[in-house]
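The values are calculated or read from the model by the stated rules, or taken from the named source; none is laboratory data. The model shown is predicted, which means the values in this text are computed figures rather than measured ones. Virtual Cβ from ideal backbone geometry, glycine too; neighbours counted across all protein chains shown. Areas reflect the complete protein model, heavy atoms only, side chains present, ligands, DNA and RNA absent. Shrake-Rupley method; radii C 1.70, N 1.55, O 1.52, S 1.80 Å.
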Amino acid sequence: MMSYEQNHGHSKAPVLVVDDNTFNTIALQALLMKFKIESDTASDGKQAIYWVKQRYRNQGNAYKLILLDYSMPECNGIQASMRIRKFMDKHHVARKS
């Protein structure tokens, strides 16, 4: 599945959907679209970290929300969350708890 950024060249999406199950990703995107919320997608934790970093480097801001699957191969949701928080702290990206 291609992310919004891959389809449009840049990301305006405030939400990142991360799941290794394509059905779940499509279902979440459809639900978000009902509320006119655009979303980027990633199929694993490593991709999620990459998109968070790319968004910050290209736009200087963070996603408003990251929907992150807990159980994924290689880099699960907990590991990805910890790495994303570390990156955000390092770059002083404001976040809401």
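Below are the figures for this structure:
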quantity	calculated
Residue in the range 39-52 that is open to solvent by 90 Å² or more (accessible area, probe 1.4 Å), assigned to a loop (DSSP other than H, G, I, E, B) and modelled with pLDDT under 95 present	no
Cβ-Cβ under 8 Å pairs, at least 6 apart or on other chains, the range 12-23 side within 25 Å of R57 (Cα to Cα), far side acidic (D, E) and open to solvent by 70 Å² or more (accessible area, probe 1.4 Å)	K12/E38; A13/E38; P14/E38; V15/E38
Which numbered condition G60 fails, given (1) under 18 Å from D89 (Cβ atoms); (2) open to solvent by 40 Å² or more (accessible area, probe 1.4 Å); (3) in contact with a helix residue (DSSP H, G or I) (Cβ under 8 Å, 6 or more places away or on another chain)	(3)
Q79 surrounded by 19 or more Cβ atoms within 10 Å (Cβ to Cβ), assigned to a helix (DSSP H, G or I) and polar (S, T, N, Q)	no
Check on A48, within 10 Å of the chain's Cα centre (by Cα) and under 15 Å from L16 (Cα atoms)	yes
In the range 63-74, residue nearest to the chain's Cα centre (by Cα) [restricted to those that are within 18 Å of D40 (Cα to Cα) and assigned to a loop (DSSP other than H, G, I, E, B)]	Y63
